[in-house]
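The values are calculated or read from the model by the stated rules, or taken from the named source; none is laboratory data. All values derive from a computational prediction rather than experimental measurement. Cβ placement follows ideal geometry from the backbone for every residue including glycine, while neighbour counts extend to all protein chains displayed.
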Amino acid sequence: MGLVAGAYLIFLAAPIALLAIGSFGESWTGTLLPSGVTLRWYEQLLDDQSFRRAFFTSLKIVASTCALNALIGVPLAYAIHSSAKRGVRAAARLAALMPIAVPDLVLAFGFILVFSSDALPWLGSFWLLAAGHLVLTLTYTVSTLLADMEQLGLEKYEQAAASLGAGFFFRFRTVTLPMLRVGVLSAMLTVAALSIGEFQLSNLVSGFLSRTYPVVLLQAFYGATGFACAATIVLLTLATIAALSSSLTATLGERREASAT
Amino acid sequence: MSLSFERVNFLYPGARAGIFDATLSIERGELVAVIGASGSGKTTLLRLLAGFLKPDSGRVLIDGRDVGAEPPEARHLGVVFQSYALFPHMRLWENVAYPLRVRGVAREERERRALDMLRRVGMGGRENDLPASLSGGQQQRVALARALVFEPRGLLLDEPLSALDASLRMEMRDEILRVQRGAGVAALLVTHDQEEALSIADKVVVMSKGRLAQIGAPRDLYEAPATAEIAAFVGQSNLWPGVVVAPGLIEAPIGRLACVTKGRAVGEAVIALARPERLAPTDDTGGSNVFCGESVADRYLGPVRRVDLKVARGVVRLETHLRGAVRCVRIPPESIRLLDADPRLFPPE
């Protein structure tokens with residue numbers, strides 16, 4: 001068991017380690033490891049207009065996707081959860097899961113078909129891209145929150161708050177949202193990680209000025225090896241930060257819930 | 001400060017369960033316990049009063065005013081839930097102060113009142129703890145404090161003690177009664193524990209299949225149950241189907257029983273009820289209402305033993321503090337109460 005896990009980790013980590021080494025390597029052609037140490041590739045990356053723009057576009061897309069997820073996902077999950085009819089709940093769950101089952105490519109083609117028309121000429125705009133990321137990630141927000149609501153037994157606390165005199169908005173603000181805090185945070189970080197790395201849809205839907213980092217990254221592979229490594233490392237760092245904080249909040253949440261029982 | 005139901009009907013959508021024709025009133029300072037088998041509708045009754053469910057017909061009244069259409073937050077009733085439902089992200093004093101915060105009470109005053117209430121339920125000094133650090137009994141106390149701090153028009157308790165272990169349950173039972181009496185508030189207690197109901201309630205309601213089968217003082221309910229079904233549900237009982245064979249005499253599976261047959265005609269089918277603690281073992285082996293048989297079960301319960309004697313075609317259950325073998329039992333005629341025959345309990349052969 002341990003051997004398999006170790007082999008798996010090496011298999012997973014070795015390319016990343018090589019990328020990290022490569023990004024500081026002076027030259028790297030035909031050898032196992034590069035020769036010389038330099039920060040040149042990072043400096044070049046910093047100077048590159050299109051990479052800088054893409055980096056900030058990605059950050060903006062991630063922020064917008066998270067914000068939209070919170071604004072739409074929380075009420076949506078809440079509505080599904082408190083819907084009395086089982087049929088409604090099942091249908092809503094199915095609808096929310098669709099984007100996982102359908103390849104990103106299908107969604108992208110749909111976007112191209114609909115939004116390149118004269119009536120809706122929004123292909124290539126920032127907000128269309130953000131909307132695409134929202135569709136791809138919303139399901140994670142909704143399913144995370146639904147699981148959280150069920151596990152917490154949310155309606156019990158809402159009934160308690162109501163019996164104590166709190167109207168819907170007051171109890172939503174003072175009981176529902178605070179209790180869902182950890183769930184929302186961990187959902188947002190998952191969404192951020194997904195959004196940072198998203199390539200398929202972004203590549204097809206983004207315009208020339210709204211390209212995200214992974215889309216531009218593809219070009220780096222046609223240039224110098226060190227440059228490509230450095231560009232990839234930047235993306236990996238971002239994704240790792242999001243993933244780590246996501247699992248950290250999830251762990252914190254579990255600890256909180258464990259101590260609550 | 002009274003709570004009442006007037007001919008309330010409620011049916012769960014798509015089900016045949018609900019509440020049928022419920023009429024009940026709880027006066028200020030009174031504690032009414034609702035007991036019944038699970039699924040009998042006792043929690044439904046509480047949820048109708050709390051406002052989590054709306055009646056299909058009839059009226060739910062608080063202080064004589066129909067509140068059937070009002071949401072729970074407009075009813076000013078303190079509810080203690082089975083699981084307590086303390087808000088996990090709030091400190092104890094914030095939990096208790098929550099209903100005051102809803103009502104716009106200034107922070108200083110609500111803190112003062114919350115601390116005072118926590119002291120009254122014996123949780124003083126713990127105000128800054130989080131609910132997760134409390135035991136079940138302690139959470140129960142805080143939930144009670146939170147339900148009473150805003151001087152509600154009624155207190156609703158939904159199986160508040162079922163999650164506690166037996167010894168703590170007794171203690172909390174007295175505690176609830178003390179706090180409820182102190183607040184002088186009308187209270188509805190839903191419980192599946194009949195002993196709990198008998199011991200603290202002013203009035204006990206027995207529910208069966210969504211109907212209020214009997215409402216009465218604990219003593220009346222136990223001594224004079226309206227039907228054999230209620231007698232079987234409340235406390236231990238001997239129930240023998242029988243027929244009146246002569247004035248003052250019935251024929252039962254255990255033999256001929258002398259008892260008061262006033263109001264019953266000769267030939268009428270009845271059910272005889274006798275509580276096990278009213279029966280006494282005897283050394284006599286014959287005579288009026290003395291039955292001998294073989295002990296088929298002998299349960300040691302600490303202060304008493306509960307013995308089942310197989311007699312003729314029936315069984316006599318008795319309780320005794322004596323430790324010797326039990327062979328014969330005397331059933332005093334005045335301990336027997338005749339109830340209407342019930343074909344569901346004893347189908348005709």
(request) For segment B:251-282, enumerate the residues that are under 13 Å from B:Leu338 (Cβ atoms) and not hydrophobic (A, V, I, L, M, F, W, C). (result) B:Glu251, B:Thr261, B:Lys262, B:Gly263, B:Arg264, B:Glu268
(request) Scan segment B:45-61 for residues that are within 14 Å of chain A (Cβ to nearest Cβ) and either farther than 26 Å from B:Glu175 by Cβ or exposed (fewer than 15 other Cβ atoms within 10 Å of the Cβ) (or both) and report the count. (result) 4
(request) Please specify each residue of segment B:62-120 satisfying the condition of being more than 9 Å from chain A (Cβ to nearest Cβ), part of a helix (DSSP H, G or I), free of Cβ contacts under 8 Å to residues at least 12 places away in the same chain and within 14 Å of B:Glu151 (Cα to Cα). (result) B:Asp116
(request) Could you figure out which of (1) more than 9 Å from chain B (Cβ to nearest Cβ); (2) farther than 21 Å from A:Thr251 by Cβ; (3) at pLDDT 90 or above isn't true of A:Ser210? (result) (3)
(request) Would you be able to say whether some residue in segment B:146-158 is more than 14 Å from chain A (Cβ to nearest Cβ), buried (at least 24 other Cβ atoms within 10 Å of the Cβ) and part of a helix (DSSP H, G or I)? (result) no
(message) Can you tell me which of (1) farther than 24 Å from A:Pro99 by Cα; (2) modelled with pLDDT of 90 or more; (3) of a type in the set (Gly, Ala, Ser) is the one A:Gly223 doesn't meet?
(response) (2)
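Picking from B:Leu318, B:Leu345, which residue would you name as being outside the structural domain of B:Glu251 (by TED's automatic domain parsing) and closer than 14 Å to B:Ser237 by Cα?
Values: B:Leu318 fails: outside the structural domain of B:Glu251 (by TED's automatic domain parsing).
Going through B:Leu318, B:Leu345 in turn, the sole match is B:Leu345.
Could you say which residue among B:Gly248, B:Gly263, B:Gly286 is within 25 Å of B:Pro347 (Cα to Cα), at pLDDT below 95 and surrounded by fewer than 13 Cβ atoms within 10 Å (Cβ to Cβ)? Step through it out loud before you land on a result.
Values: B:Gly248 fails: surrounded by fewer than 13 Cβ atoms within 10 Å (Cβ to Cβ); B:Gly286 fails: within 25 Å of B:Pro347 (Cα to Cα).
None of the other options fit; the residue is B:Gly263.
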(message) Go through (1) farther than 30 Å from B:Asp158 by Cα; (2) within 14 Å of chain B (Cβ to nearest Cβ); (3) of a type outside the set (Phe, Trp, Tyr) for A:Leu189 and report which single condition fails.
(response) (2)
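Quick check on segment B:177-186. Is at least one of its residues assigned to a helix (DSSP H, G or I), aliphatic (A, V, I, L, M), at pLDDT below 95 and under 24 Å from B:Asn9 (Cβ atoms)? Can you show your working first?
Filtering segment B:177-186 for residues assigned to a helix (DSSP H, G or I) gives B:177-183.
So of that shortlist, the ones also aliphatic (A, V, I, L, M) come out as B:177, B:179, B:183.
Then keep just the ones that are at pLDDT below 95; that gives B:177, B:179, B:183.
Then drop every residue that is not under 24 Å from B:Asn9 (Cβ atoms), which leaves none.
No, every residue in segment B:177-186 fails to be assigned to a helix (DSSP H, G or I), aliphatic (A, V, I, L, M), at pLDDT below 95 and under 24 Å from B:Asn9 (Cβ atoms).
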(message) Which condition from (1) facing chain A (nearest Cβ under 10 Å); (2) more than 19 Å from B:Gly184 (Cα to Cα) is the one that B:Ala143 breaks?
(response) (2)
(request) Give the residue, chosen from A:Gly197, A:Gly226, A:Gly207, A:Gly183, that is in contact with a strand residue (DSSP E or B) (Cβ under 6 Å, 6 or more places away or on another chain), more than 30 Å from B:Glu70 (Cβ to Cβ) and either crowded, with 18+ Cβ neighbours inside 10 Å or free of Cβ contacts under 8 Å to residues at least 12 places away in the same chain (or both). (result) A:Gly226
(request) Output yes when any residue across segment B:305-314 is among the basic types (Lys, Arg), closer than 30 Å to B:Asp340 by Cβ and not in a strand (DSSP E or B), and no when none is. (result) yes
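Yes/no matrix, rows are residues, columns are (1) closer than 25 Å to A:Ala67 by Cβ; (2) without any contact (Cβ under 8 Å) to a residue 60 or more places away in the chain; (3) assigned to a helix (DSSP H, G or I):
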site	(1), (2), (3)
A:Val106	no, yes, yes
A:Ala119	no, yes, no
A:Glu155	no, no, yes
A:Arg173	yes, yes, yes
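Looking at segment B:121-140 only, could you name the residues that are within 10 Å of chain A (Cβ to nearest Cβ) and either buried (at least 18 other Cβ atoms within 10 Å of the Cβ) or at pLDDT 95 or above (or both)?
To start, the set of residues in segment B:121-140 that are within 10 Å of chain A (Cβ to nearest Cβ) comprises B:130-133.
Result: B:Leu130, B:Pro131.
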(request) Take segment B:307-346 and flag every residue that is without any contact (Cβ under 8 Å) to a residue 40 or more places away in the chain, closer than 14 Å to B:Glu277 by Cα and surrounded by fewer than 19 Cβ atoms within 10 Å (Cβ to Cβ). (result) B:His321
(message) Can you pull out every residue in segment A:37-77 that is within 16 Å of the chain's Cα centre (by Cα), within 30 Å of A:Ala91 (Cα to Cα) and loosely packed, with under 15 Cβ neighbours inside 10 Å?
(response) A:Ala63, A:Ala67, A:Leu71, A:Ile72
(request) Check whether at least one residue in segment B:33-41 is modelled with pLDDT of 95 or more, surrounded by fewer than 22 Cβ atoms within 10 Å (Cβ to Cβ), away from chain A (no Cβ under 11 Å) and under 24 Å from the mean Cα position of the chain (by Cα), and report yes or no. (result) no
